[in-house]
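The values are calculated or read from the model by the stated rules, or taken from the named source; none is laboratory data. These figures come from a predicted structure and were not determined experimentally. Ideal geometry is used to build each Cβ from the backbone, glycine not excepted, and the neighbour counts take in all protein chains shown.
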Amino acid sequence: MTTSTTFDAPAVAPRRSAARARWLAVLRTPVGAGAGLLLALVLVLALVAPLLWSGQADRIDTSAVLQGASAEHWVGTDALGRDVFARVLVATRLSIGLALAATSIAVVLGLLLGCAPLLLGRRGGRLVTAGVNIAVAFPGLLLALFFAVVFGVGMTGAVLAIGFAGAPAFARLSQTLAAGIAERDFVAAARIAGVGRFRVLLRHVLPNIGEPLVVNATIGAGGALLAFAGLSFLGLGVQAPSYDWGRLLQDGLSGIYIHPVAALAPGVAIVVAGLAFNLFGEAVAKGIGLTTALGGGFAPGRASRREATRRDARRGAATEDQGLPVTDPGPEPGRPVLEVQDLSVTFPGAHGPVRPVRGVSFRIGRGEAVGVVGESGSGKSLTALAIARLVEQPGEVTAGRLHFQGADLLTGPDRAHRRLLGTSFAMVFQDPMTSFNPTRRIGRQLAEVAQEHQGMSRGAALARAVDRLRSVRVPAAERRAHQYPHEFSGGMRQRAMIGMGLMGEPSLIVADEPTTALDVTVQRQVLDLLAAVRAEDDVALLLISHDVAVVGQVCERVLVMYAGRVVEDLPADQLRTGARHPYTRALVAAVPDMDVDLDQPLPVIPGRPVDPAHQPPGCAYAPRCPLASARCTDEDPALDDDGAGWRVACWHAGEVAADRDVPGAAPVALALGERA
């Protein structure tokens, strides 16, 4: 308990300070200050006016019917001699209350419709999205009139009509914001552990889209106020003896030529209140945008991938599922940590199925480091996502074998898979800022892993998080644990990301371009850290990178991918001098080194990578290969194993372009040089 207080007490102040700073930034602007005061006046009036002026507003005086403005009646009286000014003041509560009620309905319904793709999946989400798109095409007032007829005349029907009419706009906004958040790394991490869609929505999506929704709801309240007044004016809203501003406007219109001020007063009230809501909403939007630009405040968020992974995997670990024990099986001696055989990923295309990953097979042993290299679009990252079960519909993952820690990930209960992946499978991504939730502190995000999976108390989990930050060489770890992701540098965020993976007991770390966004010095530090973690804990490493040199230095084996398949699997120490596939040699030759001739153009691989939707017959690399023959364009070579752990898929493995009389081969031969 003491430890928890020590860590958590300071954590509240920065968050409150940040929120206070945002609102102060809004109120410091002239528009924000003016709109804030005006809106506060309207809201206070809505609370106190019925208490102070109800008697005067309801008092009937037949001797003072339709009088003009006077000292006794500032804007005159109505057809029953009631004071119009008092009635306008009293009507503030009902007008504002009904507008806020309608706005609440619009926001809630809009959230449900906008987040339907996350809740219902792709097919159900498409139907809801299509309906929203159709509804948005109609003017809001037309929809309000339609729903008013559907729900009936009266106060309740008008509230529902305005709420339902405003929902499509909020649904479109929510859909756009939620779709952006759904593409973040943390959602993929949540799916590793099989996190439910509703939980992802509540835990990760809504907290990160809340502020823009509040801004638009504030502006929408002004529109709802005008729309409600319009319905009451048309006789579809508030009915006598109740009255709002729209009803008073209708009553005053009947005598506008005799007593125009009676119609003017409620109209002015509608305009003033509407401006208060709209101007304040605009000021808040600008204020939030300013603080975001300065580095504090709202940023479309990304919760930690492993934070979601471990939180929900623990829930699966808390019980047994279909008779399976809650303990991890763990790899048996001699059994590979990861075994992949004939892995393929298929998506529907305009002209038939598209397979960006085709028949990938490999193994990773305990403590082994395997690199995956290839050009963009070769299928490296998609292979990792398929292994982590992150490919959603309409994508389809098939494999002859997909075993992790001895467990078959293609069969068996999802709950057991969630727990296994959540505790033993760690991922480090290209941009760590997209993997941390910007609304939560680093230490708390790491601590949640231990709370969920290891049953630790809040204080003990945070203490372990600090220890893990120290283990990945984050200086002043206890202080850093209380900071937000934007307060970390890129290298420190990447270290914290690795630390999160070490909160459990991972047997495999998948690092997908972990150093791309970092400078050279920090790259070296991150790579050294991964190597140290692997050596200390005997953790297997799958390193995905474009950088052939990095993979060659860190890994023991290298998988070279092209057009969705592995074309060569070779020892890392043979990568620069002993590669047999012409594509591997071309990749190595394209990396400049200290001996490169500065007077010559940098070597490149001619042509472009293959479009997965238009795979050529035969070898996919044949159109770019200087060794290509007729057999290469007709037959796709198999990935043959030489029996010593070296695999290559090429009809001309080991040959050099300069040895063959191939038209146009000279430039490529220069690129390959004698390294082959």
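Numerical summary
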item: Complete set of residues in segment 462-512 that are in contact (Cβ under 8 Å) with a residue 40 or more places away in the chain, within 17 Å of ARG524 (Cβ to Cβ) and surrounded by fewer than 22 Cβ atoms within 10 Å (Cβ to Cβ); result: ARG473, GLY490
item: Matching residues in segment 45-70 - criterion: being assigned to a loop (DSSP other than H, G, I, E, B) and small (Gly, Ala, Ser); result: GLY68, ALA69, SER70
item: Near pairs, Cβ below 6 angstrom, 6+ apart or cross-chain, from segment 542-568 (more than 19 Å from ALA644 (Cβ to Cβ) and in the same structural domain as GLY379 (by TED's automatic domain parsing)) to any residue that is of a type in the set (Phe, Trp, Tyr) and at pLDDT 90 or above; result: TYR562/TYR583; TYR562/TYR621
item: Enumerated helices (runs of 4 or more DSSP H) restricted to segment 116-219, each holding at least 1 residues that are modelled with pLDDT under 85, more than 30 Å from THR423 (Cα to Cα) and not assigned by TED's automatic domain parsing to the domain that holds VAL284; result: none
item: In segment 517-541, the residues that are at pLDDT 85 or above, in a loop (DSSP other than H, G, I, E, B) and on the phi < 0 side of the Ramachandran plot; result: VAL539
item: Per-region count, segment 400-422, residues closer than 28 Å to GLY124 by Cα and either outside the structural domain of ARG363 (by TED's automatic domain parsing) or surrounded by fewer than 20 Cβ atoms within 10 Å (Cβ to Cβ) (or both); result: 5
item: Selected residue (criterion: nearest to GLN341 (Cα to Cα)) from residues of segment 638-675 that are modelled with pLDDT of 80 or more and either among the small types (Gly, Ala, Ser) or in a helix (DSSP H, G or I) (or both); result: ALA638
item: Qualifying residue in segment 453-476 (condition: within 22 Å of ILE387 (Cα to Cα), modelled with pLDDT of 80 or more, assigned by TED's automatic domain parsing to the domain that holds ARG335 and acidic (Asp, Glu)); result: no
item: Counted residues, segment 427-446 - those being closer than 14 Å to GLU487 by Cα, part of a loop (DSSP other than H, G, I, E, B) and modelled with pLDDT under 80; result: 5
item: Unmet criterion (only one of (1) at negative phi; (2) over 39 Å from the mean Cα position of the chain (by Cα)) for GLY618; result: (1)
item: Criterion (in contact with a Ser or Thr (Cβ under 9 Å, 6 or more places away or on another chain), free of Cβ contacts under 8 Å to residues at least 60 places away in the same chain and outside the structural domain of CYS555 (by TED's automatic domain parsing)) met by exactly one of ALA644, ALA622, ALA630; result: ALA622
item: Index of the failed condition, GLN67 passing every other in (1) out of contact with any strand residue (DSSP E or B) (no Cβ under 7 Å at 6 or more places or on another chain); (2) surrounded by fewer than 20 Cβ atoms within 10 Å (Cβ to Cβ); (3) at pLDDT below 85; result: (1)
item: Selected residue (criterion: farthest from the chain's Cα centre (by Cα)) from residues of segment 48-80 that are of a type in the set (Gly, Ala, Ser) and over 15 Å from VAL261 (Cβ atoms); result: SER63
item: Per-region count, segment 73-88, residues touching a residue at least 40 places away in the same chain (Cβ under 8 Å) and either assigned to a loop (DSSP other than H, G, I, E, B) or among the acidic types (Asp, Glu) (or both); result: 4
item: Output for segment 513-558, where each listed residue is among the small types (Gly, Ala, Ser) and either crowded, with 21+ Cβ neighbours inside 10 Å or closer than 19 Å to PHE429 by Cβ (or both); result: ALA517, ALA531, ALA540, SER545
item: Given (1) within 30 Å of PRO336 (Cβ to Cβ); (2) in contact (Cβ under 8 Å) with a residue 60 or more places away in the chain, number of the condition MET433 does not satisfy; result: (1)
item: Tabulated pairs, segment 355-373, first closer than 12 Å to LEU508 by Cβ and touching a residue at least 40 places away in the same chain (Cβ under 8 Å), second polar (S, T, N, Q) and surrounded by 20 or more Cβ atoms within 10 Å (Cβ to Cβ), C-beta under 8 angstrom, 6+ apart or interchain; result: ARG366/SER507
item: Yes/no for GLY379 being surrounded by 18 or more Cβ atoms within 10 Å (Cβ to Cβ), within 21 Å of ALA649 (Cα to Cα), touching a residue at least 12 places away in the same chain (Cβ under 8 Å) and in contact with a Gly (Cβ under 8 Å, 6 or more places away or on another chain); result: yes
item: Strands (runs of 3 or more DSSP E) (entirely within segment 337-422) containing at least 1 residues that are more than 23 Å from CYS555 (Cβ to Cβ) and of a type outside the set (A, V, I, L, M); result: 338-347, 354-364, 396-398
